Amino acid sequence: MNFDIYKLKTPCYVVDEEMLTKNLEILKDTADRAGCKILLAQKAFSMFSVYPLIRRYLSGTAASGLYEARLGYEEMGGETHIFSAAYNEDEFDEILSICDHIVFNSFSQWEKYRDKALKSDRMFGIRINPEHSTQVHGIYDPCSRGSRLGVTAKNFREDLLEGISGLHFHTLCEQNSDDLISTVAVVEEKFGEYLKKMNWVNFGG
């Protein structure tokens, strides 16, 4: 059906399904050739009306809290990953029930929930902070001085890795592959000995 989008009442969102599909095809091809999984970051795009289309190309969703996780689990399916700077105790049981991968921001947070976590069949990770800034705007930089996002190499606890199967880092926002290359190099330099013990790595955004 043809219609003039400029005659639509506002406010509204208009999605070009053809362009969206083209982008999804690129992501699927990238994942297949790289042997990795690509997830939809819902904090960037959570229009669940198009999740049936997206799930044909991507492996699942990434969430930053219980409600995003629930949205991805119910509307998208596939894998449901979550990272939060802190988890509410009264929400953690539901998070365990719907999320496949749960990433903790610190080892103290992991210690708090470890006993309950290890009784489940989920996968758990620790967010690391490579202390490698690639951002122009400090407000978007999780590696900025004084950042409390992720564990630095100095504070990494190898003695608490039992039950941890993955690492997560995130230093990028609207940046290109060259910045990712430089970040990965620093991650390998600072955390390489631990990467060898992991089953997966989440590159963040």
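Every number in this text was worked out from the coordinates using simple rules, so none of it is lab data. These figures come from a predicted structure and were not determined experimentally. Cβ coordinates were reconstructed from backbone atoms using ideal geometry, including for glycine residues, and neighbour counts include every protein chain displayed.
Values computed for the structure shown
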item	result
Only one of Glu193, Glu162, Glu131 that is touching a Lys or Arg at 6+ places or on another chain (Cβ under 9 Å) and exposed (fewer than 14 other Cβ atoms within 10 Å of the Cβ)	Glu162
Filtered residues of the stretch 38-66 (kept if in a helix (DSSP H, G or I), over 19 Å from Phe104 (Cβ atoms) and either of a type in the set (Ser, Thr, Tyr) or in contact with a strand residue (DSSP E or B) (Cβ under 9 Å, 6 or more places away or on another chain) (or both))	Ser49, Tyr51, Ile54
Qualifying position, being in contact with a Gly (Cβ under 7 Å, 6 or more places away or on another chain) and among the basic types (Lys, Arg), among Arg33, Arg55, Arg70	Arg55
Filtered residue count, the stretch 118-160, keeping only those that are basic (Lys, Arg) and assigned to a strand (DSSP E or B)	1
Residue list for the stretch 67-84, filter: in a loop (DSSP other than H, G, I, E, B) and surrounded by fewer than 19 Cβ atoms within 10 Å (Cβ to Cβ)	Gly77, Gly78
The listed residue being part of a loop (DSSP other than H, G, I, E, B), surrounded by fewer than 21 Cβ atoms within 10 Å (Cβ to Cβ) and not hydrophobic (A, V, I, L, M, F, W, C), out of Tyr113, Tyr87	Tyr87
Any hit, the stretch 180-192, residues being part of a helix (DSSP H, G or I), touching a Phe, Trp or Tyr at 6+ places or on another chain (Cβ under 8 Å) and more than 26 Å from Gly60 (Cα to Cα)	yes
Some residue of the stretch 169-179 being within 25 Å of Ala117 (Cα to Cα), surrounded by 15 or more Cβ atoms within 10 Å (Cβ to Cβ) and either among the aromatic types (Phe, Trp, Tyr) or more than 16 Å from the chain's Cα centre (by Cα) (or both)	yes
